[in-house]
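*Asks:* Okay, handing you the structure first.
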Amino acid sequence: MANTCAICGATINVFQAQKLADGNYLCRKTCCKKALTKYFDFVGATLPSFQAHAAQVEKGTEIWNELFVPNLKGKSIKKTFSPVYVAPELGLMALVETRYKFMFFGKSECACVFRLDNLVGYETEQESKTVDGKQQTEYFIHF
């Protein structure tokens, strides 16, 4: 039994299809990859919620490449835990998903970028250390 992708209109079989909560199907080859596949719940999503998430990922990836990637080497962007990066000067945080085509080759990144103002709660803490006779201050953000 073949189904049709609700986004691109491709004919897909059972193994290539991802069914959404509202009964629509998405093709796994192209359309499902528009979302953050590790963090987005396809089973509980509807077609409009998927389209909104895909648009957010597209815009977030552009912002990630434009604002975050050039500043990753500097100390202005904090890496909290693996996929979350925070840029306090910009007032932004990014949830990043790294994808590989084959093992460690063909790396690409997709991101959702959020404003820090939209968080329910976070607080910053600073910790001072003395390393090799020099005073260093580290900042931590707790969400």
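The values are calculated or read from the model by the stated rules, or taken from the named source; none is laboratory data. Note that this is a predicted model, so its numbers are computed, not measured. For neighbour counting, all protein chains shown are included, and Cβ atoms are generated from backbone atoms with ideal geometry for every residue, glycine included. When the accessible area is computed, the model is the full protein with side chains, heavy atoms only, and any ligands, DNA or RNA have been set aside. Shrake-Rupley method; radii C 1.70, N 1.55, O 1.52, S 1.80 Å.
*Asks:* Which of the residues that make up the stretch 110-143 are closer than 20 Å to Thr61 by Cα, open to solvent by less than 100 Å² (accessible area, probe 1.4 Å) and modelled with pLDDT under 80?
*Replies:* Keep residues of the stretch 110-143 that are closer than 20 Å to Thr61 by Cα, which gives 110-119.
The next check asks that each one be open to solvent by less than 100 Å² (accessible area, probe 1.4 Å); those that pass are 110-114, 116, 119.
Hit for the stretch 110-143 is Leu119, nothing else.
*Asks:* Name the pairs: first residue in the stretch 1-22 and farther than 19 Å from Ala54 by Cβ, second residue of a type in the set (A, V, I, L, M) and not in a strand (DSSP E or B), Cβ to Cβ under 6 Å, at least 6 apart or on different chains?
*Replies:* That search, which allows pairs on different chains as well, returns Thr11/Ala2; Asn13/Ala2.
*Asks:* Would you check which residues across the stretch 1-51 are more than 17 Å from the chain's Cα centre (by Cα) and polar (S, T, N, Q) and list them?
*Replies:* Passing the criteria: Asn3, Thr4, Thr11, Asn13, Gln16, Gln18, Asn24, Thr30, Thr46.
*Asks:* Based on what the data block shows, is Pro88 under 13 Å from the mean Cα position of the chain (by Cα) and over 28 Å from Ala6 (Cα atoms)? Write out each step before concluding.
*Replies:* On the way: under 13 Å from the mean Cα position of the chain (by Cα): no; over 28 Å from Ala6 (Cα atoms): yes.
Considered against the rule, which asks whether it is under 13 Å from the mean Cα position of the chain (by Cα) and over 28 Å from Ala6 (Cα atoms), Pro88 comes out as no.
*Asks:* Answer yes or no as to whether Lys107 is more than 15 Å from the chain's Cα centre (by Cα), of a type outside the set (A, V, I, L, M, F, W, C) and either open to solvent by 60 Å² or more (accessible area, probe 1.4 Å) or under 25 Å from Cys8 (Cα atoms) (or both). Before you say what the answer is, go through the steps one by one.
*Replies:* Numbers: more than 15 Å from the chain's Cα centre (by Cα): no; of a type outside the set (A, V, I, L, M, F, W, C): yes; either open to solvent by 60 Å² or more (accessible area, probe 1.4 Å) or under 25 Å from Cys8 (Cα atoms) (or both): yes.
So Lys107 does not fit the description; no.
Residue-by-condition table, conditions (1) touching a strand residue (DSSP E or B) at 6+ places or on another chain (Cβ under 8 Å); (2) over 22 Å from Ala2 (Cβ atoms); (3) among the polar types (S, T, N, Q):
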site	(1), (2), (3)
Tyr25	yes, no, no
Ala35	no, yes, no
Lys38	yes, yes, no
Gly44	no, yes, no
Pro48	no, yes, no
Ala55	no, yes, no
